[in-house]
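All remarks here apply to the structure that follows.
The values are calculated or read from the model by the stated rules, or taken from the named source; none is laboratory data. Everything numeric in this text was worked out from a predicted model, so none of it was measured. Here the Cβ is made from the backbone with ideal geometry for all residues, glycine too, and neighbour counts use every protein chain on show.
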Protein chains: 2
Amino acid sequence: MSYLSTQSYKGTRDYYPQDKLLQNYIFATWRRVAESYGYEEYMTPLLESFDLFAAKTGQEIVNEQTYSFTDRGDRQVVIRPEMTPGVSRMVAARRQEMAYPARLYSIANFMRYERPQKGREREFWQMNVDLFGVEGLEADIEIISMADAIMKAFGATEKMFTIKVNSRTLIDVMMCDYLELDVMQAALMIKLFDRKDKMSHEEFRDAAADIFDDGKATEGLGRIAKLVGAKTMQELPKLVRESKPVQDVQQLFDQLRLRGTHSAVFDITLMRGFDYYTDVVFEVFDLHPDNRRAMFGGGRYDGLVSLFGVDTVPTVGMAPGATMMEEFLTTHKLVPKLRPATEAYMLVLGDKTLPAAQSLATRLRAEGVRVAVDITGRKLDKQLKSAIKLNVPFLLFVGETEIAEDRYTVKFTAEASEHKMSFERLVATIHDHRVQDDEAAVNRLFDV
Amino acid sequence: MSYLSTQSYKGTRDYYPQDKLLQNYIFATWRRVAESYGYEEYMTPLLESFDLFAAKTGQEIVNEQTYSFTDRGDRQVVIRPEMTPGVSRMVAARRQEMAYPARLYSIANFMRYERPQKGREREFWQMNVDLFGVEGLEADIEIISMADAIMKAFGATEKMFTIKVNSRTLIDVMMCDYLELDVMQAALMIKLFDRKDKMSHEEFRDAAADIFDDGKATEGLGRIAKLVGAKTMQELPKLVRESKPVQDVQQLFDQLRLRGTHSAVFDITLMRGFDYYTDVVFEVFDLHPDNRRAMFGGGRYDGLVSLFGVDTVPTVGMAPGATMMEEFLTTHKLVPKLRPATEAYMLVLGDKTLPAAQSLATRLRAEGVRVAVDITGRKLDKQLKSAIKLNVPFLLFVGETEIAEDRYTVKFTAEASEHKMSFERLVATIHDHRVQDDEAAVNRLFDV
């Protein structure tokens, strides 16, 4: 017979304990920030009806990137490629009963059939944070503040990232009132702005000129130059500057600064997800010279819940992803030293010691210590080799003498020191070590 | 246009925050027990190649119950219906580098196309715990002890559940040496034993008689009666009782009792997963009169890793499921009072108080308090209604006076008491409350 392949499915990863530790660190940090703002966890099913995504998700994703198929009962289903349709469905189902503002988060896996590349996988994990039921700017401020808090919780400083902010309604003012485009022309121009960074100046200019009505291109291009040249909102042309959307965005920045979020900047070229977002949009951007790129984003999408036939629920959300976050941490050397959950590895010496060693392990577990027992009966050097590979902080050597005396030889691997100590002192030593670890973690989170 | 349905996909559940809290309690309890024994978390991808399951999983599951389909690149894939093939693949891929014993656990979702019914869902969550690399009985003892520890960590007593134990090698002795069946007959007899509880005595007897060679049925049925009549291993016929497999199982029970696991009982009719398990098998069984049923099981499966073309790795594992666990907790009234993650809900009084309230929230978060701010600007009664629906333990009332004095009106909802206190006292009060909660959780885990 032929053997099975040990390869994982294309574009997906196996998480060995060391990889999972890092992913869990990312999840725990996300979770801690989200919960510190009062968000509660929820979960949707892995599969959703195809209709749910056909209605809302961008056509490229639905037609080319979903894992969709027909189930054994002839239902057309899709492995979720994103969370917002699912969570909107849940909110719509309990539109009346829920408490508002509804603050919801989830950490889940998603699948898209894409060409696998750096930072992009077919199965990916992300947190979704959504605030339902608040129309005003306070909701946008909260979500953008949290994006900033998440980055800082990982130890990032404001030199390492920026949050680009724009607004759909502001763009509408620019396109319709200032550039005097109709809806179709505006849509084309938005798409063009979105691709601007990937084009030469000349390509952009020619494509933009083509969008205007005959005879209006020259003036139009002049106006575009003024828009793109504006590095702050104050530099925008008067008609745009004095519009309500710009004043809203200005207020958003004022409020963010007041609350210590200085990483947000206005970026008129940010056109992220305009099929979908209805007002403020933002994108967290890595500033590292080797890795300049969009990491994750969010914004306001007020229309989704009403697709289920209930009253509109204003919503602002965002979705940081684990793979991008991992790359950011690696590039900026922010990955902390991660220890396995296991605190002690018990090396058992002598043929008849195992039952007593197991009793000791039971006593340690009753004190909350996480302990693995070497139950192989191998020679000490082989047991030691396993313990070292596992990177466990404390090694306990248990032989007949130790059992008889109820005193144990303990090696703290970080210091290569070895002590003989009582059971009580052993428990206290391991607990102290854990408290220090926890404190370091909390400091990392809030020392911003 | 027609509206989208708010229904989740058939056989799956939406987890609203209250549901997710209970699921997270189950996950956290599993995780705590697994980690207390030195198990480390891993994760496999959601999709695996179809071949992986075709090779090993029971034919019924593969042909009738998998969510399998062809991807856009013409690969035949399957949404994982179980974890063991995936984790075996991961171990095989690093057969040489891994430290043994390798103690691995995961908590993940799976899908099977089954008729949805009580306790059985198309998408289900389970923990997988596997111990790789130990040939001896110590591995079986460890996994069965953990099954017992998991039940007790949820507050179950030995009156509420039992762990039925049997062994594949013991059954082989019974079938081949004692009943003198050939391999084909033995396979049929095992299937028959497995269905025994669902048949009448007469149906079982007639079906059993058909399996024996001509003229051997009468004697054979007599022997089966002796086997089934044995309530302990001592009552087994001498030939069986003195075989090595029975002596091993006897030693297993002795060791389990020595370590305080009294819930395990020998059950000769347990034939769980014999396509697959190679030696000891067990099944945790709910003893509640309204809910007598198998909850989860496990056993030794030594052959799987070698299907990937590497040397055999002896393995013992088990997989408790969240839905069955939830039903067990509900039936036995073991569901604890679960609080949301949010500790404080800030009610903001007056039009101009919000910025100061937000500063207070930032200070509280810096002290590790999880606080939601009501940013709606609604009247107090509406804010209060949301706070109560959310079931948050502390309500903070923040108006102009409170801000000016830096003293806050705090209502502890469990006691309906209301106090005015300084920022420092407020932080201390919330922290104390959390410590009590944590201690209660730890006591629940280890007070067994």
- Limited to region B:393-406, what total is found for residues that are within 14 Å of chain A (Cβ to nearest Cβ) and modelled with pLDDT of 95 or more? 3
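Limited to region B:335-366, what total is found for residues that are assigned to a loop (DSSP other than H, G, I, E, B) and more than 38 Å from the chain's Cα centre (by Cα)? Please lay out each step first, then the result.
Taking region B:335-366 and keeping what is assigned to a loop (DSSP other than H, G, I, E, B), we get B:335-343, B:349-353.
Now narrow it down to the ones that are more than 38 Å from the chain's Cα centre (by Cα): B:349-353.
Going through region B:335-366 one residue at a time, the tally reaches 5.
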- Among the residues of region B:38-58, write down those that are over 16 Å from B:R89 (Cα atoms) and either acidic (D, E) or more than 7 Å from chain A (Cβ to nearest Cβ) (or both). B:Y39, B:E40, B:G58
- Query: Does B:S263 count as buried (at least 21 other Cβ atoms within 10 Å of the Cβ), more than 30 Å from B:L52 (Cβ to Cβ) and not assigned by TED's automatic domain parsing to the domain that holds B:R122?
  - Reply: yes
- Query: Which members of region A:10-35 meet the condition of being within 8 Å of another protein chain (Cβ to nearest Cβ), touching a residue at least 24 places away in the same chain (Cβ under 8 Å) and among the polar types (S, T, N, Q)?
  - Reply: A:T12, A:Q23
- Might you let me know whether region A:182-192 holds any residue that is surrounded by 15 or more Cβ atoms within 10 Å (Cβ to Cβ), out of contact with any Gly (no Cβ under 8 Å at 6 or more places or on another chain) and without any contact (Cβ under 8 Å) to a residue 12 or more places away in the chain? yes
- Message: Given the condition surrounded by fewer than 23 Cβ atoms within 10 Å (Cβ to Cβ), in contact with a Phe, Trp or Tyr (Cβ under 9 Å, 6 or more places away or on another chain), within 14 Å of chain B (Cβ to nearest Cβ) and at positive phi, answer yes or no: does some residue in region A:150-163 qualify?
- Response: no
- Message: Looking for something more than 26 Å from B:D140 (Cβ to Cβ) and either within 14 Å of chain B (Cβ to nearest Cβ) or touching a residue at least 24 places away in the same chain (Cβ under 8 Å) (or both) - is there at least one such residue anywhere in region A:411-424?
- Response: yes
- Task: Among the candidates A:V129, A:V134, A:V173, single out the residue that is in a strand (DSSP E or B) and among the hydrophobic types (A, V, I, L, M, F, W, C).
- Result: A:V129
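Just to be sure, is B:P340 within 13 Å of chain A (Cβ to nearest Cβ) and either in contact with a Gly (Cβ under 6 Å, 6 or more places away or on another chain) or under 30 Å from B:V33 (Cα atoms) (or both)?
Values: within 13 Å of chain A (Cβ to nearest Cβ): yes; either in contact with a Gly (Cβ under 6 Å, 6 or more places away or on another chain) or under 30 Å from B:V33 (Cα atoms) (or both): yes.
Yes: the conditions hold for B:P340.
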- Task: Within region A:14-41, track down each residue that is farther than 15 Å from A:A108 by Cα and of a type in the set (D, E, K, R).
- Result: A:D14, A:D19, A:R32, A:E35
- Item | Residues that are touching an Asp or Glu at 6+ places or on another chain (Cβ under 7 Å), within 9 Å of chain A (Cβ to nearest Cβ) and closer than 20 Å to B:T12 by Cβ, drawn from region B:107-137 | B:N109, B:M111, B:Y113, B:R122
- Given the structure, is B:Y39 under 18 Å from A:E48 (Cβ atoms), touching a Leu at 6+ places or on another chain (Cβ under 9 Å) and of a type outside the set (S, T, N, Q)? no
- Message: Given the criteria in a loop (DSSP other than H, G, I, E, B) and aliphatic (A, V, I, L, M), does A:A147 qualify?
- Response: no
- Where a residue in region A:83-103 is at the interface with chain B (Cβ under 7 Å from one of its Cβ atoms) and its partner, wherever it lies, is part of a helix (DSSP H, G or I) and surrounded by fewer than 23 Cβ atoms within 10 Å (Cβ to Cβ), with Cβ under 6 Å and at least six apart: A:A92/A:F308; A:A99/B:S386; A:A99/B:K389; A:A99/B:L390
- Among the residues of region B:310-360, write down those that are touching a helix residue (DSSP H, G or I) at 6+ places or on another chain (Cβ under 9 Å) and small (G, A, S). B:G317, B:A319, B:A322, B:A341, B:A344, B:G350, B:A356, B:A357, B:S359
- Of all residues in region B:336-388, how many are out of contact with any strand residue (DSSP E or B) (no Cβ under 7 Å at 6 or more places or on another chain), surrounded by fewer than 16 Cβ atoms within 10 Å (Cβ to Cβ) and of a type in the set (A, V, I, L, M, F, W, C)? 3
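Go through region B:367-392 and count every residue that is assigned to a loop (DSSP other than H, G, I, E, B), under 33 Å from the mean Cα position of the chain (by Cα) and facing chain A (nearest Cβ under 7 Å).
Step one: filter region B:367-392 for residues assigned to a loop (DSSP other than H, G, I, E, B), giving B:367-370, B:374-379, B:391-392.
Imposing the further condition that a residue be under 33 Å from the mean Cα position of the chain (by Cα) reduces the set to B:368-370, B:391-392.
Applying the additional criterion that residues be facing chain A (nearest Cβ under 7 Å) yields B:368, B:370.
Total satisfying the criteria: 2.
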- Message: With the structure loaded, tell me whether B:K238 is surrounded by 15 or more Cβ atoms within 10 Å (Cβ to Cβ), in the same structural domain as B:T169 (by TED's automatic domain parsing) and among the charged types (D, E, K, R) or whether it fails that test.
- Response: no
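In region B:164-181, is there at least one residue being touching a His at 6+ places or on another chain (Cβ under 7 Å), touching a residue at least 60 places away in the same chain (Cβ under 8 Å) and either within 27 Å of B:A28 (Cα to Cα) or assigned by TED's automatic domain parsing to the domain that holds B:Y37 (or both)? Before the answer, list the steps.
Taking region B:164-181 and keeping what is touching a His at 6+ places or on another chain (Cβ under 7 Å), we get none.
Among the residues of region B:164-181, not one is touching a His at 6+ places or on another chain (Cβ under 7 Å), touching a residue at least 60 places away in the same chain (Cβ under 8 Å) and either within 27 Å of B:A28 (Cα to Cα) or assigned by TED's automatic domain parsing to the domain that holds B:Y37 (or both), which makes the answer no.
Would you check which residues across region B:69-79 are touching a helix residue (DSSP H, G or I) at 6+ places or on another chain (Cβ under 7 Å) and either more than 10 Å from chain A (Cβ to nearest Cβ) or surrounded by fewer than 19 Cβ atoms within 10 Å (Cβ to Cβ) (or both) and list them? Outline the logic, then answer.
Taking region B:69-79 first, the residues touching a helix residue (DSSP H, G or I) at 6+ places or on another chain (Cβ under 7 Å) are B:76-78.
Scanning region B:69-79 gives a single hit, B:Q76.
Residue by residue, here is whether (1) of a type in the set (V, I, T); (2) within 17 Å of the chain's Cα centre (by Cα) holds:
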| position | (1), (2) |
| --- | --- |
| B:A108 | no, yes |
| B:R115 | no, no |
| B:V129 | yes, yes |
| B:I144 | yes, yes |
| B:A153 | no, yes |
| B:T157 | yes, no |
- Task: Identify, by number, the condition in (1) closer than 28 Å to A:T362 by Cα; (2) of a type in the set (A, V, I, L, M); (3) in contact with a helix residue (DSSP H, G or I) (Cβ under 6 Å, 6 or more places away or on another chain) that B:V240 doesn't meet.
- Result: (1)
